[in-house]
Each structure stands twice: as C-alpha cells, then as structure tokens.
Amino acid sequence: MAVFGFTTGILMLAGAPPMEAYGLLLKGSLGSGKKVGAVLTAWVPLTLCAVGLLYTFRIALWNIGVEGQMIMGAVFATAVLRWGVESRLPLFYLILAFPAAALGGGLWAMGAGLLKTKGGVHEIFAGLGLNFVAQGILLYLIFGPWKRPGVASMSGTAPFPPELWLSSVSGVRLSPEGVFLAAAALAVTVWMFRYSRLGLVFKAAGNNPTAVMLFGEKPGRYMILAMVLAGAFAGLAGGVQVAGVYHRLIPSISSNYGYLALLVVMLSNYRVALVPAVAFFFACLNVGGIQLPMVLKIDSSLAGVIQGAWVLAALAAVAWLRKEGRPEEAR
Amino acid sequence: MSGSEWLLLFSGVVAGATPILLAALGETLTEKAGVINLSLDGTILLAAMVAFAVAFETQSAFLGCIAACLVGALVAAAVGLFSLKLGQSQVAVGFVLTLTARDLAYFLGNPYARLHGPQFSSVPIPILSDIPVLGPVLFQHNWMVYAGLGMIVLCWAYIYRTPMGLRLRAVGEDPRAAFARGENPVRLQWIYTLCGGFLVGAAGAAFSLFVKPGWGRPQGAEGTGWIALALVIFGGWHPMRAAAGAYLFSFLQVLGIYFQGWIPTVPAQVFQVAPFPLMIFTLLIIAYAQRTTIPREDRHRLRLKALLEVFSGAAPSALGKPLRPGSL
C-alpha cells in the first residue's frame, strides 16, 4: 500500500496519469502471449543471477560484481561461438559455449573473491571495480578485434549464423533451453541448501567464520567457492543472452540484470523459494516499462523506481516484524 | 607544454575535483561517526538532477545548489531511518537507495534533459588571484570551488580540533563508551549522516551546475559516487588525505584525455574505465599497509616503508555496526 502511494505520488509529480501508467505496465507485460514470452526472456537471466547470489549471501558476501560476471560469461560464450562459425559441428560449439560462459563468469568472480580473502579488499569495491573493467573489455572487443567487418558500431558484433542459435518459441526470442537452465539452477540450489553438507558449511561460515575455522574448515576457501558458483550462474546468464536472445555480443549485453538480481534476492528475503516469483514480477515491470516513453512520454526508469520502492518497503516490513528480535548482521 | 598550458591544466584539475571532493568529505564525516552511506552514486545523480531543475525554473544556480544539498540530506535521512531507527543493514539499504535514487533521477529529470540552464560563473578573488601560479590555479573559480577548498580545512579542523569533533570520533570508535560518557550516540550518528548527505548533495550540484553542466541520460556523473566511497578508504578516513585523493583522481582524469589523443586507436570507452582498476590497486596497497602483520623482511625496505606509512590509517572501529535499537 505504501509502495502504491509512493509511486502514485511520483507519477503525479511527473505529471503523468497514474492509473493509465499502471494499466500500461500491466498490459505491456501480461497483455498477450508475446508479451509473456518477453517477460520470460527477461526472467531467465534475472533468475540465474539471483540464484547465484543466494550462495554469496548465504556466506555473508556482497557479490556486487554480478554484472561483470555476466559480461565475462557472454564474452567467453562469444569466443567459443566465433570459433564455431563455418565449422561442420555447430552443435558442438553451441553446447561448449555454456561451460565456457560459466567458466568466464566463475573466473571473474574468483578474482573478486581472491581480492577479498587474500588481498583484504572489500568485495563491494573489488566487484564494482571489476564490473567496470569487464565493461571496458567488452567495449574494446566490440570496437576492436571482434568488430563487424567494415564498421565498428554500438550495435555489436556481426550476428552468428542461425545454426549457432538456441531454439526459440516462434515470434519471441525466448529459448526453452534458457528456461530449462534457470529452472535447473533453482532445483540444484534448493537441493544444495536443504540436503548437502556444502550448503550447511556456507551458512555456518557466513554466520560465524571463527567457529568454522575451529572445526577445521577454511572459511576463505568456501568464500571463493561461493563466489565462483555465483559467477558461474551469472556467466550462464550471459551465455543465454548471447546464444539465445541477441545472437551476437552487444555493448549492453548485461542489461543491468546483475544489479537488479541483487534487489530480487533482497525482496525475496534471501529465500530461494521466493526468487522465481519475485524475478517474474521484476521482469514484468521491466518489460511493461518499455512502452511508457512511447505512450505517456515518461521515462522507462519508472520500473526501477517501483522495484526499489518495493525492496525498501520489504526491508521496513522485515524490521517491523522482528522489532523485538536481534537485527541481522551486516549482510 | 608551455607554462600557461600547465596552469590551465591544474586549474582544470582543481575545478574538476570539486564534486568528488565534496562527496568524499561528506562520506568521511558520516563514516567517522560509524555509519556507511552507500547510496552516494544515486544520491549524486538525484541531487544533480534537482539542482539543474530548480536552477532552470528559478534561473538561480544558488537556489539549485541549496535544493541539491537538501535532497542529499533527504536520501541520507532514508539511510538513517532504515539503519539507525529500524536496525537494517546499512550496506543493503544504501545499495537499494543508490539504484532507486538513480532511476528516480532519470524518471523525474526526463523533461529537463538536454536543456540549457544557468551555471555558476567564475568569481576571481581580487588580490589572491594576482599571485603568480597559485592565483590562476586556485583563485579564479566560482564560489562552489572555493567552498570545496574551504570545506577541506573546515572538516579537518572540526574533526580533529574541536570538542564536537572529539565526540564525533568517539561515537564512531566505540558508541558504548561514548554512551557511558553521557553522549547520545544515535542522535550524533543521525546528525553526521544528515550533514554528510548535505555535502554529497552539494557534489551533485557541482556536477550539473558547472563541471558537466545540464542534465541528460547518462549525465556523466555516473560512477563517481563509488569512486568517492573508495577515496574515503584511500584517505584513511582523514579529510585532508581524502581531498588529496580527489585531486589525484581529477589529475588522472585530465591525463586520460591527453592519453586518448596520443593513442587514438583505443576506443574512448576503454579510458573511461581506467580509474576503476586503479582504485582496486590502491585498495590492495592500503589493505596491505593496514594489515597488522607485515612480513618482517618487507619492513626493512625503506621505500616500501615510506609508502606504507602514507597509506596507514584505520577505519572507525564501529563502522557499519549499528547499535541495536533499544539496546542501550
């Protein structure tokens, strides 16, 4: 309710009819099968990134570098796919692109993890710095070695031939493999957290690193492992964007999903069960927001404002509910 | 380069450093009291947008600047509300606010994009600006640059030379001890969170009213909030050193423009990310310097020792660890 009031106030401040804007958001995201397909296309990378973040939050790390990890995943996937152009075994390269993407994201996250555990650099600054570095590498590749023959442009590298694309539902750029990948990531994570020893150690190391050390485990090593896992999921998201959605490498390949995934996990209150629903809601807002500038002449960043307001409201609500309890440690 | 070109370059460095300087000073003040305001990047953008919009409507750069400061304090108040009042993680709240404030700035600022508005104009200080070298570099700017310069000294003197500053540091180091001495830690933290936000807001105004005049998407101020946060660490939570970091950063930015001219084959976007690896590298050195156990053989190397001394300086002990509401 408070969120609704806040957003309506913001809309009135911008001089836009609030009800019409909400209607557009709804119609633009769930109004037709095609729109729902677009929402799911955004849901896949968002869910993959958010699932990865569950691991790092569990061990009390702020993996702010998801954006860069996703970019490096996309870069690695593109490298493999470029290799596969004009080969006789396109399927082999298409499949190989995904482990490569996970490797790219994982390595990039490992960089931030090592800076944290060995170098003593706070993971927020390490991750953020690496995000910008990854963006630099991406632009360098698009404008330099991987540029479209003849012209280098913001529209990205030359598109891959169709045999290197993931399949897609007709009319939209949604690939069933991507949805399957996101669903599998969710399932694996549920299993990990509920039944595996590793999931337990992550949680223990996050809550009390000293105790874990006394039990003969090395918290630093688990921190790096959690980072690598998170990075691998983010890298996969990047791979899906390249092979399934854009079919080439573009400058905005990560589309801010890395940062948005952090909000998704926070609004889910760090619980894996809520992640798919929250990611779906955020994807709706993002896709629905695309129409706002054309119809109402207001900026599409309204979606971001609503998302932020929701997370803030959730933070307030959680604080309200455990007013008597212990405040959570800095996550 | 001739002498006058060098003077022009350094004058540009001093003016260009103003926003990041103000933001770093504001954040130093807040963190000295034990509170992390992570929302800097978004706050600066929102403040820049408001500064330009208000200045455009009223045709007064001064009113725009005041409005920006108030916006900065308002976002800081949200940080205070969630962390000091509701006991939520300061990092989490700051991160959400930085994204939300940025989107809010783009959303509300849309009608003001690519317009021509008022700017701060240069006001050379009569006698001082005639001093050779120092005059053109330091005293031929607008009043916001002067305010930034003055703020360095003011912050340092306040924190280290006044009884109020002592109480501020006490709260940041050990709020319980400060409480035992009759202070109200939460109230002091509120005050310095708001004051810091006020300065961060001023940083936004400095962007849209003279360093990168106007509003647009992107505005050009994106990313500076994060650099300002890193500069606070770089400065070892000391305003003078944070200021030195801000000037160094501004100098490197200007150098980047020259480099771009020398190596035209590398796209411009690559140079724009150059500050960030540098930021990580300095943080690495600082973390090494601040470690309690430095390998003995390293201590003997004089040059390394001198370097490490420059980077020493510890974080306020209670930084980011809020007192539980009602635990006192």
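Only the coordinates and a few stated rules stand behind these numbers; no lab work does. Worth saying up front: this structure is predicted, and the values here are computed from it rather than measured. A quick note on method: Cβ atoms are made from the backbone with ideal geometry, for glycine too, and the neighbour counts reach across all protein chains shown.
Quote the FRET efficiency, to the nearest 0.05, computed for A:S252 versus B:R181 with a Förster distance R0 of 45 Å and r equal to the Cβ-Cβ distance.
Working: r = 53 Å, r/R0 = 1.19.
E between A:S252 and B:R181, to the nearest 0.05, is 0.25.
Hey, which of these cross-link pairs are over 30 Å Cα-Cα: A:K118/B:K212; A:K118/B:K85; A:K116/A:K203; A:K35/A:K147; A:K34/B:K212; A:K27/B:K85? Provide the component values of the computation, followed by the final result.
Values: A:K118/B:K212 39 Å; A:K118/B:K85 35 Å; A:K116/A:K203 18 Å; A:K35/A:K147 32 Å; A:K34/B:K212 41 Å; A:K27/B:K85 39 Å.
In this structure, A:K118/B:K212; A:K118/B:K85; A:K35/A:K147; A:K34/B:K212; A:K27/B:K85 lie more than 30 Å apart at Cα.
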HN-Hα couplings for region B:189-204 via Karplus (6.51, -1.76, 1.60; θ = phi - 60°), in whole Hz with x for Gly/Pro, come out as 5, 4, 4, 6, 5, 5, 4, x, x, 4, 5, 4, x, 4, 4, x
Taking a label point 7 Å from the Cα of B:L284 along Cα-to-Cβ, the residues of region A:124-157 whose backbone nitrogen sits under 20 Å from it are A:124-138
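State to the nearest 20 debye the size of the charge dipole of the protein assembly as shown about its Cα centre, where the only charges are +1 on K and R beta carbons and -1 on D and E beta carbons.
Numbers: 44 positive and 25 negative charges, 261 e Å.
That gives a dipole near 1260 debye.
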Applied in sequence order to region A:244-260, the curve 6.51 cos²θ - 1.76 cosθ + 1.60 (Karplus, θ = phi - 60°) yields integer Hz couplings, x standing for Gly and Pro, of x, 10, 9, 6, 6, 9, 10, x, 9, 4, 8, 6, 6, 5, x, 5, 4
Residues meeting the amide H criterion for B:S39 (H placed from the backbone, H to H distance under 5 Å, 5 or more places apart or on another chain) are none
Diffing region A:302-319: the Karplus 3J(HN,Hα) column from phi (6.51, -1.76, 1.60, θ = phi - 60°), in whole Hz with x for Gly and Pro, holds 3, 4, x, 5, 5, 4, x, 4, 4, 5, 4, 4, 5, 4, 5, 5, 4, 4
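Over all residues in A:117-127, what is the mean tally of Cβ atoms on other chains that come within 10 Å of each residue's Cβ? The partial results should precede the final answer.
Details: counts 0, 2, 7, 8, 12, 6, 0, 8, 10, 4, 1.
Taking the mean over all residues of the peptide, I get 5.
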Rounded to the nearest Å, the spacing of the alpha-carbon centers of region B:1-18 and region A:20-66 is 46
Mean other chain Cβ within 10 Å across B:275-282 is 5
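Sorted by packing (mean other beta-carbon atoms within 10 Å per residue), highest first, where do B:178-185, A:36-43 land? Present the calculation step by step, with values, prior to reporting the outcome.
Details: B:178-185: 14.9, A:36-43: 21.6.
With the highest mean Cβ count within 10 Å placed first, the list reads A:36-43, B:178-185.
So for chain B, what are the equivalent ellipsoid semi-axes in whole Å, largest first, each being the square root of 5 times an eigenvalue of the Cα gyration tensor? Mind showing how you got there, number by number?
Details: eigenvalues 191, 141, 78 Å².
Taking √(5λ) for each Cα gyration eigenvalue gives 31, 27, 20 Å.
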Quick calc, B:I125 & B:M240: beta-carbon distance into FRET formula, R0 22 Å, rounding 0.05, result 0.50
Region B:81-143 and region A:184-242 have their Cα centres apart by a whole-number Å value of 40
Restricting to Cα pairs under 8 Å and 6 or more apart, the percent relative contact order of region A:43-274 works out to 43
One finds, for A:V169 and B:E57 with R0 = 41 angstrom and r their Cβ-Cβ distance, a FRET efficiency to the nearest 0.05 of 0.25
Checked the protein assembly as shown with the C-alpha gyration tensor, a ≥ b ≥ c its square-rooted eigenvalues, rounded below a/c of 1.5, otherwise prolate if a/b is larger than b/c and oblate if not; verdict rounded
Highest mean packing first, using Cβ neighbours within 10 angstrom, the peptides A:60-73, B:152-165, A:88-101, B:91-104 sort as A:60-73, B:91-104, A:88-101, B:152-165
Computed for chain A: size of charge dipole around the Cα centre, +1 on C-beta of each Lys and Arg, -1 on C-beta of each Asp and Glu, debye to nearest 20, value 320
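How much length, in nm to one decimal, is gained on full extension between A:I290 and A:Y22, taken as 0.36 nm per residue of separation minus their Cα-Cα distance? Please list the in-between numbers first.
Values: separation 268, 0.36 × 268 = 96.48 nm, distance 1.26 nm.
Result: 95.2 nm gained on full extension.
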Relative contact order as a percentage, chain B, C-alpha pairs under 8 Å and 6+ apart, gives 33
So, relative contact order of region A:185-331 in percent, Cα under 8 Å, 6 or more apart, is 14
Given Cβ charges of +1 for Lys and Arg and -1 for Asp and Glu, the option among A:A102, A:C49, A:T117 whose Cα lies farthest towards the positive end of the dipole of region A:40-157 is A:A102
